[in-house]
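Q: My questions will all concern the structure given below.
The values are calculated or read from the model by the stated rules, or taken from the named source; none is laboratory data. Here the structure is a predicted model, which is why all the values come from computation and not from measurement. Note that we place each Cβ from the backbone using ideal geometry, even for glycine, and neighbour counts take in every protein chain shown. Just the protein is used for accessible areas: all its heavy atoms, side chains included, with ligands, DNA and RNA removed. Shrake-Rupley method; radii C 1.70, N 1.55, O 1.52, S 1.80 Å.
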Amino acid sequence: MRSESSERIKLGEFEARIARGEKIEPGDWMPEAYRSQLIRMISQHAHSEVVGMLPEGAWITRAPNLRRKMILMAKVQDEAGHGQYLYHAAETLGISREEMLEALLSGRAKYASVFNYPTLTWPDIGVIGWLVDGAAIKNQTMLARCSYGPYSRAMVRISAEESFHMKQGKEMCIRYAQGTPKQREMLQDAINRWWWPTLMMFGLPDDVSKHSELLTRWGIKTRSNDTLRQEFVNELVPELHTLGLAVPDPELKYDETNRNWIYGPINWDEFWQVVKGNGPCNEERIAARRKAHDDGLWVRQALHAYANRNQVNKTS
Amino acid sequence: MELPNLKEIQRNALSQRLLALADDELILAHRDSEWTGHAPILEEDIAFANIAQDELGHAMIWYGILQELSGKDPDRLVYFRGPEDYRNCQMVELPNGDWAHSMLRQYLFDAAESIHLDQLQNSQYRPLTEAAAKIRLEEVYHLRHTSSWIRRLGLGTGESNQRMQKALDQLWPYVGQLFILSEEESILVDGGLVPEPDDLWQAWQALVLPFLEQAGLRIPNDNSTIRPDRSVHSEHLAPLLAELQEVARMDAEALW
Amino acid sequence: MSDTQWPRYEVFQQDRAGRPHRNTGSVHAPDSEMALLNARDVFVRRPNCVSLWVVPAEAVLAITLEELEDNPDLLSISDEAETERETYLVFRKQSQRNSMTYVSHVGEVLAKSPMEAMRQAIKTTNDQQTYVWWVVPEKFIVKSNEEDISSHYDPAGDKKYRMPQDYRVLKQMLDYRSAREGE
């Protein structure tokens with residue numbers, strides 16, 4: 001049983017390790033808050049990938065040429081894989097996949113609210129790749145350097161794969177921008193609907209964001225929400241303009257001094273509604289996952305029974 | 001044998017056969033992809049999506065050879081033909097049903113495809129032997145995967161066995177069609193371009209029947225089979241194609 | 001009957017012949033045969049791979065340097081009744097660099113228990129900086145077959161559309177811009 005002062009010493013050593021750039025690995029001492037914050041973050045991230053398969057997966061059957069069909073299948077498969085790597089990282093912290101699934105399916109667990117918006121047209125798929133995955137890449141690049149070994153490793157692997165996701169989406173947008181009038185119209189409409197949810201992916205403004213200070217000191221979040229969001233906006237706006245596309249922000253203007261594209265106010269009320277479960281697709285998404293899980297019960301049990309009877313696992 | 005050496009009648013027959021092979025893979029890939037995000041466990045979302053991708057890749061290979069032979073563009077074939085012009089077997093157009101049904105259909109098809117590809121390597125037509133060599137490798141993996149599943153579901157629990165038996169009873173009448181060539185296509189056998197279907201049928205039974213029995217399943221007594229004619233389809237193909245072609249048909253000139 | 005996500009298996013991947021197997025993550029599977037298949041789908045969507053190993057997660061004994069420094073008596077804990085000497089594979093993490101993989105296979109020891117294997121592993125790797133050690137009884141490791149390389153692992157190399165290099169978005173953007181400027 002540790003005394004309070006020895007806890008403080010351990011915490012000091014822990015923070016010194018992080019400051020030195022060392023990775024914290026499963027089994028190392030860590031403050032309880034580090035463990036619980038990471039479990040929260042990583043499992044949310046995992047759920048996001050898995051739920052995110054649904055809005056895009058639904059369009060595989062309607063992909064308008066063979067190459068696009070193939071690419072979308074590969075992309076959605078990757079997303080399942082990303083969920084898998086992240087659940088693994090969370091498991092190293094002592095939570096089981098059963099617990100995490102239970103939290104998701106019961107509606108308790110959160111996941112990125114961007115996936116609670118519907119994909120209404122085929123060009124939405126291009127916009128999701130370019131904007132949503134583009135935004136995710138910014139976050140992932142930062143997390144690839146994070147202090148917790150399994151999370152950073154999952155992020156390195158995910159980042160390597162995500163680049164293709166963004167590029168295939170961008171390729172689609174570049175094509176549709178120079179396509180038929182109907183294609184251009186659908187593309188602009190998709191941008192109008194996905195722009196703000198994408199900006200919200202970077203999280204609350206720095207002055208409001210709750211966990212930030214601790215996450216920064218512990219090497220988990222090393223760049224602020226607003227910094228990443230601004231970088232993203234600065235990259236996307238000129239490219240959207242090059243393609244003749246409008247950004248759905250009447251207050252958007254360029255600041256010469258700081259060389260930033262200043263964006264208008266984000267509707268955080270909408271954000272909170274969606275986070276709380278009142279977004280356009282929240283119920284539908286969780287219902288789909290719950291159905292897959294329930295329908296699959298007999299399958300999981302059957303394979304379990306077979307394995308037990310054949311004793312192919314025993315380690316004792 | 002190369003393209004210039006084919007007689008006209010062989011060319012037409014080969015085009016027919018390639019269309020059938022390609023359509024089979026396309027429709028099966030499409031059905032498999034419907035499971036994405038809905039599989040019993042995350043690892044299987046990944047695995048089955050992988051199989052779907054492989055099958056779609058195979059379809060593209062067959063459509064590609066067909067294009068060399070006939071000049072027809074694969075995307076135009078896939079997205080702008082009606083159900084009456086599709087030449088897939090009926091088994092692949094059936095709705096997915098439950099996991100047992102989908103897994104068993106995949107297994108029965110994979111077994112047929114593996115045997116077919118093995119023998120197709122002896123074809124006198126080089127593009128076919130090359131395609132067969134390549135696709136065969138991926139089918140080894142599919143067959144390993146699906147047979148592992150069939151065994152476990154067949155022997156797992158009372159419920160899984162019942163579901164598997166029901167799936168087998170439902171799919172059985174559709175199997176024969178996989179091993180029948182049309183009259184025009186039959187000349188390809190004489191020329192040594194494609195394997196003798198009866199050889200494939202025998203080899204398939206030798207592989208599949210004992211395997212299914214060892215997996216705790218009863219081979220159906222039912223001798224009924226559907227009509228072998230590939231221009232005849234179930235009521236499921238039209239809605240499948242309506243969805244598949246929905247976006248592409250919005251504008252035939254648009255590039256996606 | 002209860003519902004589970006199936007047991008967890010740690011996965012080790014070998015990129016090329018002659019290189020050590022490295023832990024790349026884990027998969028859930030009902031048994032080791034399915035674990036090998038699942039591992040291939042989860043970890044070998046892109047090149048390279050010539051071999052996969054899987055082992056039930058509970059068969060792994062892991063210790064970190066930090067744990068040892070914090071708790072020097074850890075190694076003198078004796079574990080259960082000793083059995084015959086058997087082979088344990090030793091893996092270790094030797095770098096703090098960002099990476100996709102964790103511990104690498106470095107060798108084998110013979111021991112009568114996991115803890116004894118760990119003691120030996122730590123002693124024999126004294127020469128180099130190590131951050132994490134794993135010891136795993138060889139009998140629990142299930143290995144992929146060499147004859148499966150061409151069918152299971154090589155096909156990943158053909159799927160170029162999964163690689164970012166296949167997309168020339170920079171050029172496409174520039175082409176678009178110059179086409180517009182030409183108008």
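Q: Restricted to the range A:261-307, and to residues that are under 18 Å from the mean Cα position of the chain (by Cα) and open to solvent by 40 Å² or more (accessible area, probe 1.4 Å), which residue is farthest from A:L236 (Cα to Cα)?
A: Start the filter on the range A:261-307 by keeping residues that are under 18 Å from the mean Cα position of the chain (by Cα), which leaves A:271-272, A:274-277, A:279, A:281-282, A:285-286, A:289.
If we keep only those that are open to solvent by 40 Å² or more (accessible area, probe 1.4 Å) too, we end up with A:272, A:276.
Numbers: A:W272: 25, A:K276: 29 Å.
Per the stated criteria, the residue is A:K276.
Q: Looking for something assigned to a helix (DSSP H, G or I), open to solvent by 10 Å² or more (accessible area, probe 1.4 Å), modelled with pLDDT under 95 and within 14 Å of chain C (Cβ to nearest Cβ) - is there at least one such residue anywhere in the range A:147-154?
A: Within the range A:147-154 (the criterion being assigned to a helix (DSSP H, G or I), open to solvent by 10 Å² or more (accessible area, probe 1.4 Å), modelled with pLDDT under 95 and within 14 Å of chain C (Cβ to nearest Cβ)), the answer is no, since none of the residues qualifies.
Q: Give me the residue from the range B:223-256 that is polar (S, T, N, Q) and either at pLDDT 95 or above or open to solvent by 70 Å² or more (accessible area, probe 1.4 Å) (or both) and, out of that set, farthest from the chain's Cα centre (by Cα).
A: That would be B:N223.
Q: Okay, moving on. Would you pick out the residues in the range C:138-183 that are surrounded by 15 or more Cβ atoms within 10 Å (Cβ to Cβ) and within 8 Å of chain A (Cβ to nearest Cβ)?
A: Hits for the range C:138-183 are C:F140, C:K159, C:Y161, C:R162, C:M163, C:P164, C:Y167, C:V169, C:Q172, C:M173, C:Y176.
Q: Name the residue, out of B:I46, B:I41, that is facing chain A (nearest Cβ under 9 Å), β-branched (V, I, T) and in contact with a strand residue (DSSP E or B) (Cβ under 8 Å, 6 or more places away or on another chain). Working first, answer last.
A: On the way: B:I46 fails: in contact with a strand residue (DSSP E or B) (Cβ under 8 Å, 6 or more places away or on another chain).
Checking each option against the conditions leaves just B:I41.
Q: Just give me the residues in the range A:63-95 being open to solvent by 30 Å² or more (accessible area, probe 1.4 Å) and facing chain B (nearest Cβ under 10 Å), in sequence order.
A: Hit for the range A:63-95 is A:R67, nothing else.
Q: Looking for something at negative phi, without any contact (Cβ under 8 Å) to a residue 60 or more places away in the chain and of a type outside the set (S, T, N, Q) - is there at least one such residue anywhere in the range A:220-228?
A: There is at least one residue in the range A:220-228 that is at negative phi, without any contact (Cβ under 8 Å) to a residue 60 or more places away in the chain and of a type outside the set (S, T, N, Q).
Q: Would you please list the contacts, defined by Cβ atoms under 8 Å and residues six or more apart or on different chains, that run from a residue in the range A:61-73 that is without any contact (Cβ under 8 Å) to a residue 24 or more places away in the chain and under 9 Å from B:L244 (Cα atoms) to a residue that is outside any helix (DSSP H, G or I) and open to solvent by 10 Å² or more (accessible area, probe 1.4 Å)?
A: Taking only residues 6 or more apart or on different chains, the pairs are A:T61/B:E34.
Q: So which residues in the range B:215-249 are touching a helix residue (DSSP H, G or I) at 6+ places or on another chain (Cβ under 7 Å), in a helix (DSSP H, G or I) and of a type in the set (A, V, I, L, M), if there are any at all?
A: Within the range B:215-249, B:L237, B:A238, B:L240, B:L241, B:L244, B:A248 meet the criteria.
Q: Sort through B:R152, B:R136, B:R163, B:R144 and tell me the only one that's buried (at least 19 other Cβ atoms within 10 Å of the Cβ) and free of Cβ contacts under 8 Å to residues at least 40 places away in the same chain.
A: B:R152
Q: Further, regarding this structure: Kindly establish whether A:E98 is over 19 Å from the mean Cα position of the chain (by Cα), more than 7 Å from chain B (Cβ to nearest Cβ) and in a helix (DSSP H, G or I).
A: yes
Q: To continue, here is another question. Consider only pairs whose beta carbons are under 7 Å apart and that are at least six residues apart or on different chains; among these, list those whose first residue lies in the range B:181-204 and is open to solvent by 50 Å² or more (accessible area, probe 1.4 Å) and whose second residue is among the aromatic types (F, W, Y).
A: B:W201/B:F179
Q: Let me ask something additional. Give me the residue from the range B:67-83 that is in a helix (DSSP H, G or I) and within 13 Å of another protein chain (Cβ to nearest Cβ) and, out of that set, most open to solvent (accessible area, probe 1.4 Å).
A: Going residue by residue through the range B:67-83, those that are in a helix (DSSP H, G or I) are B:67-70, B:74-79, B:83.
Next, from what is left, pick out any that are within 13 Å of another protein chain (Cβ to nearest Cβ): B:67, B:74-79.
Values: B:Q67: 72, B:P74: 21, B:D75: 50, B:R76: 110, B:L77: 20, B:V78: 0, B:Y79: 2 Å².
Looking at residues that are in a helix (DSSP H, G or I) and within 13 Å of another protein chain (Cβ to nearest Cβ), I get B:R76.
Q: Right, another one. So which residues in the range A:42-62 are out of contact with any helix residue (DSSP H, G or I) (no Cβ under 7 Å at 6 or more places or on another chain) and either of a type in the set (A, V, I, L, M) or within 9 Å of chain B (Cβ to nearest Cβ) (or both), if there are any at all? If you could, list the steps in order and put the result at the bottom.
A: First, the residues of the range A:42-62 that are out of contact with any helix residue (DSSP H, G or I) (no Cβ under 7 Å at 6 or more places or on another chain): A:44, A:58.
Correct list: A:A58 only.
Q: Checking the condition within 21 Å of C:E10 (Cα to Cα) and exposed (fewer than 15 other Cβ atoms within 10 Å of the Cβ), which residue from C:E69, C:E58 passes? Full working, then the answer.
A: On the way: C:E69 fails: within 21 Å of C:E10 (Cα to Cα).
Just a single option satisfies the conditions, and that option is C:E58.
Q: Given the criteria under 17 Å from the mean Cα position of the chain (by Cα), more than 23 Å from B:D229 (Cα to Cα), of a type in the set (A, V, I, L, M) and more than 10 Å from chain A (Cβ to nearest Cβ), does B:I61 qualify?
A: Yes: the conditions hold for B:I61.
Q: While we're on this one: Tell me whether the range A:119-132 contains one or more residues that are within 11 Å of chain C (Cβ to nearest Cβ), of a type outside the set (S, T, N, Q), open to solvent by 40 Å² or more (accessible area, probe 1.4 Å) and closer than 19 Å to C:M163 by Cβ.
A: no
Q: Can I ask one more? Please count how many residues of the range A:184-224 are within 14 Å of chain C (Cβ to nearest Cβ), open to solvent by less than 20 Å² (accessible area, probe 1.4 Å) and either over 20 Å from A:R35 (Cα atoms) or among the basic types (K, R) (or both).
A: So in the range A:184-224, the residues within 14 Å of chain C (Cβ to nearest Cβ) come out as A:184, A:187, A:219, A:222.
Right, trim to open to solvent by less than 20 Å² (accessible area, probe 1.4 Å) and you get A:187, A:219.
In the following step, the residues that additionally are either over 20 Å from A:R35 (Cα atoms) or among the basic types (K, R) (or both) were identified as A:187.
Adding up the residues that qualify gives 1.
Q: For the range C:82-129, how many residues meet the condition of being away from chain A (no Cβ under 14 Å), aliphatic (A, V, I, L, M), under 17 Å from C:Q13 (Cα atoms) and open to solvent by less than 50 Å² (accessible area, probe 1.4 Å)?
A: Count: 2.
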